[in-house]
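Since the structure comes first, as structure tokens, the remarks are kept for the end.
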Amino acid sequence: MAKKVQFVETVLRDANQSLIATRLPFAKFEPMLSTIDKAGYYAAEVWGGATFDVCLRYLNEDPWERLRKIRAGMPNTKLQMLLRGQNVLGYSHYPDDFVKLFVKKSVENGIDVIRIFDALNDVNNLKVAMEATVNAGAIASGTISYTTSPVHTHANYVKMVKELKEMGASTICIKDMAGIMGPQEAYDLVSAIKDAVDLPIDLHTHSTTGLAFMTYLKAVEAGVDIIDTAISPMSGGTSQPATETLAYALRQLGYQVDLDDTATKALADYFKGVRDEFIKDGTLMPKSMATDTQCLTYQIPGGMLSNLLSQLKQMNALDKFDEALLETPKVRADLGYPPLVTPTSQMVGVQAVTNVLTGERYKKVSKEVKAYCRGEYGRTPAPINEEVKAMILGDEKPIEGRYADTLKPIVEPTRQKLGDLAKCDEDVLSYIAFPNLAEKFLEERKAKEENVATYSIVEC
Ligand code: CO
């Protein structure tokens, strides 16, 4: 029997985030929910990552309400979200009570699959979210953040995958956020993981470097079960490779692909218009859709490259670009080879630029890098360079054990503090995640309701 390959459609989350900075409002994709629902995807990635932040910050949408509306419009497809382990959707660690309630409420509001990753691949940062996901009855997709370094060996990845299975993972995701995984690496890593555990494996990559189609093909040959793709008009470049292209190619090679071509065609037709609007208003820049092989040379994600450029531009120091590029891998090595993904990519990038601009390495250090050296982000893949650590921390002692164990519960005190501004747990969670944005949102909602009617019921 033909081996079946399943698809995760990323247009509403990762493609949206990678190409147009997550600016797709609900109203713009609402007409396509039933079409996505009919297309036969393994899951649709629709929430988490930057969607929550952007809903509150730019789109004036309640992210929870968006999720409920997606759920209602797509009753038959598994809804997937991306969660940064103990960071949830933010950039630093939260206390366990918040992580647990956030996961529980995500599932209650409609999420079926939670893809849980940690920027350092420290499984201690995944444990609470994984457990909460399993307890809520959802699929925990234990994720490895893929990167290359002397310490990121297959043996280490396999060890991590076994730990994820122990924690209750129903599927394993290999997350190649930078699109730097080549076909042979994909083949070897998928084979190694397949040999070690009997769980479905999902490979997630980006088209940034142009490797993605070949990488997926070799991963499929090695037995990968699920691949992440984006409907063609929103595919390519910093997004995922195209759904229809992979369906076509894999079928030609004899694999079973259960996607409905009429539905994917309708989706493509619709999203062409959406893409063109975003090109017209400048949100979607042509270079985001192009192939950029610099990441292969420098082994750093595309997003980081453009951040480096814009930082240097702001400082009027574009002539230091080459120097900053050379400094980046050195900082990464000093810090124990963290995978370059949010938030470590920002920390490493900013530090590299600072080192170059001040002309003295680690003379100036961000509070995030300091916290990182104290151990607040978890165990680093390799030890931090001792000299650098001493320079940054001085007499301060790094913490031992899991940082979240040192944090006090936050949900109940926040609930008290918000009083009737928060109508439900979801409001409390939004506030803890993004206090300023959520407060503004809740205040505005309150004012609007007082204007409209005093008896209106707000459903949460
Ligand atoms: Co991604």
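Please find, among 27, 72, the residue that is over 25 Å from residue 141 (Cα atoms) and either in contact with a Gly (Cβ under 8 Å, 6 or more places away or on another chain) or modelled with pLDDT of 95 or more (or both). Exactly one residue qualifies, and that residue is 27. Could you tell me whether residue 281 is closer than 30 Å to residue 4 by Cα and of a type in the set (D, E, K, R)? The answer is no for residue 281. In the set 254, 237, only one residue is more than 23 Å from residue 2 (Cβ to Cβ) and either modelled with pLDDT of 95 or more or within 16 Å of the ligand (Cβ to nearest atom) (or both); that residue is 237. Return yes or no: is residue 337 at positive phi and within 22 Å of the chain's Cα centre (by Cα)? Yes. Name the residue that is surrounded by the most Cβ atoms within 10 Å (Cβ to Cβ), counting only residues in the range 174-190 that are within 16 Å of the ligand (Cβ to nearest atom) and closer than 15 Å to residue 222 by Cβ. Only one residue tops the list, namely 176. For the range 350-367, a residue qualifies if it is surrounded by 16 or more Cβ atoms within 10 Å (Cβ to Cβ), part of a loop (DSSP other than H, G, I, E, B) and under 29 Å from the mean Cα position of the chain (by Cα), and the qualifying residues are 362, 365. Selection of the range 143-173 for residues being in contact (Cβ under 8 Å) with a residue 12 or more places away in the chain and either within 16 Å of the ligand (Cβ to nearest atom) or among the β-branched types (Val, Ile, Thr) (or both) yields 143, 144, 145, 146, 147, 148, 151, 158, 161, 171, 172, 173.
Summed over the range 356-391, the residues that are closer than 22 Å to residue 147 by Cβ and touching a Lys or Arg at 6+ places or on another chain (Cβ under 6 Å) give a count of 1.
The rows are residues; the columns are (1) at pLDDT 95 or above; (2) more than 21 Å from residue 97 (Cα to Cα).
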position	(1), (2)
365	yes, yes
381	yes, yes
392	yes, yes
398	no, yes
401	no, no
414	yes, no
424	yes, no
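On the stretch given as the range 47-68, residues that are among the aliphatic types (A, V, I, L, M) and within 16 Å of the ligand (Cβ to nearest atom) total 2. Exactly one residue out of 128, 113, 158, 151 is closer than 30 Å to residue 369 by Cα, of a type in the set (A, V, I, L, M) and buried (at least 23 other Cβ atoms within 10 Å of the Cβ), and it is 128.
Inclusion of residue 36 among residues that are away from the ligand (no atom under 16 Å from the Cβ) and among the β-branched types (Val, Ile, Thr) is warranted. Can you go through 133, 143 and tell me which one is in a helix (DSSP H, G or I) and buried (at least 24 other Cβ atoms within 10 Å of the Cβ)? It is 133. Looking across 297, 328, one residue alone is at pLDDT 90 or above, among the β-branched types (Val, Ile, Thr), farther than 30 Å from residue 29 by Cα and in a helix (DSSP H, G or I). It is 328. For the range 10-28, the set of residues classified as surrounded by 21 or more Cβ atoms within 10 Å (Cβ to Cβ) and either more than 13 Å from the ligand (Cβ to nearest atom) or of a type in the set (A, V, I, L, M, F, W, C) (or both) consists of 11, 12, 15, 19, 20, 24, listed by residue number. When 267, 253, 217 are checked against the criterion of being buried (at least 23 other Cβ atoms within 10 Å of the Cβ) and assigned by TED's automatic domain parsing to the domain that holds residue 10, a single residue qualifies: 267.
The values are calculated or read from the model by the stated rules, or taken from the named source; none is laboratory data. This is a predicted model, so every value here is computed, not measured. Positions of Cβ are backbone-derived with ideal geometry, glycine not excepted, and every protein chain shown enters the neighbour counts.
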